[in-house]
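Below: the structure, in structure tokens.
The values are calculated or read from the model by the stated rules, or taken from the named source; none is laboratory data. Predicted, not measured: the structure shown is a model, and the values here were computed from it. Glycine gets a Cβ as well: all are built from the backbone with ideal geometry, and neighbour counts include every protein chain shown.
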Amino acid sequence: MIKKVAILANGGDVSGFNAVIRAILKTAENNGVECYGFIDGYRGLLKNEYVKLSTYNSQTGSGILPKGGSIIGSSTNANVFNYKVINDDGSIEYKDLSDVCVQNIKDDGFDCVFTLGGDGTQKSARDFSLKGINVIGVPKTIDNDVACTEITFGYNTAVSVAADALDRLHTTGETHHRIMVLEVMGRYAGWIALESAIAGGADIAFIPEIPYDINCAIRKINGRRAKGKEFSIVVVAEGAMPKGGEISVESVRNNGEGVDNTKLGGAGQRVAKQLEELTGLEARCTVLGYMQRGGTPTAFDRVLSTKYGAKAMELALEGKFNVLTVIKNGRLDSVPLEDVVGENKKIGAVSGNTKESNIRKVTMDHDLVKTARDIGICLGD
């Protein structure tokens, strides 16, 4: 019998975190289960900092459905299997502190821990399952790149924000006869770029899965000019790269092994500069950045998050642990966390754009790719 559970939200914030927390909490309360939240993700698990959640308390569960962010916080790059420790002498070393987390869970009496996060978060969840902890994952990321599910919560809101930005850039581009470039997030997957390009009426979309030839974009822009269109709208994923080139890296952080230390940035500006030089038209780049993460979730994300949260608690009540809640063939389902991590088996290696990483990328036979090509969006190939 499940009597006491905990939730942790981990990784970059998304709109929908609180909707998932609320759904787990309400389903737990309706079944006589106590529900708690670890503060700041895996870091809170390590420090054993948590709070009791309640839908009757405005600070810990009431009225949070439309609220962005996470009422229990979140941590990024908190890999407890390879955690950064600063010693008394100022030296830095990385230690596996996962056993501390395991003991905390046992001492606290939690029957299950719900892990709300992306590929890195779920990799750590799987690693904890190997240490005997009951975990159930819920797929979160605006990047939409978690394996084994058709959609992650937070993604729809990010796409909606990007599409709204494109609507606004359209009027400026058309008025001033400019090329308007919008750089969007997505890391190594092009879901946000591709879907927002379709929703926002873009002419060109560069995604990580298709290394682009800038000359294809030039031909598209010149073709529009020949027909009287003196402006163009371009969407560039932050992980987009030219043929034979590399992704644009803003900086490389030092957060230890097992996490992606590469901070992407500059792809949109690189494209804008080339397009201006090669077409003679003025080009302007807008980097949407964290606007895609924050604020109230769309109705779609509220419903999806609620479905995911309720399903996760249902699985716990049924005693089905060490799984990820997913949408498969349009319906709620679950898959083993082993399937989610794929070949990324090494303990502590949580994420990154490596051949072992099991992130979900855009495939060339996907409906979004076919649709983009059908309506004449240039994908750079």
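Descriptive notes on the structure:
- So Asp213, is it over 20 Å from Gly173 (Cβ atoms) and over 16 Å from the mean Cα position of the chain (by Cα): yes
- Residue check, Ala316 more than 14 Å from Ser124 (Cα to Cα), at pLDDT 95 or above and in the same structural domain as Arg225 (by TED's automatic domain parsing): no
- Within region 77-100, residues that are not assigned by TED's automatic domain parsing to the domain that holds Lys131 and loosely packed, with under 11 Cβ neighbours inside 10 Å reach no partner that is part of a loop (DSSP other than H, G, I, E, B) and of a type in the set (A, V, I, L, M) with beta carbons closer than 6 Å at six or more positions or on different chains.
- Flag for Ile207 being of a type in the set (A, V, I, L, M), buried (at least 20 other Cβ atoms within 10 Å of the Cβ), within 26 Å of Val249 (Cα to Cα) and not assigned by TED's automatic domain parsing to the domain that holds Phe110: yes
- Residue within region 328-335 that is of a type in the set (Asp, Glu), surrounded by 14 or more Cβ atoms within 10 Å (Cβ to Cβ) and in a helix (DSSP H, G or I) present: no
- Residue selected from region 180-193 under the condition under 15 Å from the mean Cα position of the chain (by Cα) and within 21 Å of Leu275 (Cα to Cα), by the criterion surrounded by the most Cβ atoms within 10 Å (Cβ to Cβ): Val184
- Condition met for Lys311 (among the basic types (Lys, Arg), surrounded by 18 or more Cβ atoms within 10 Å (Cβ to Cβ), free of Cβ contacts under 8 Å to residues at least 24 places away in the same chain and part of a helix (DSSP H, G or I)): yes
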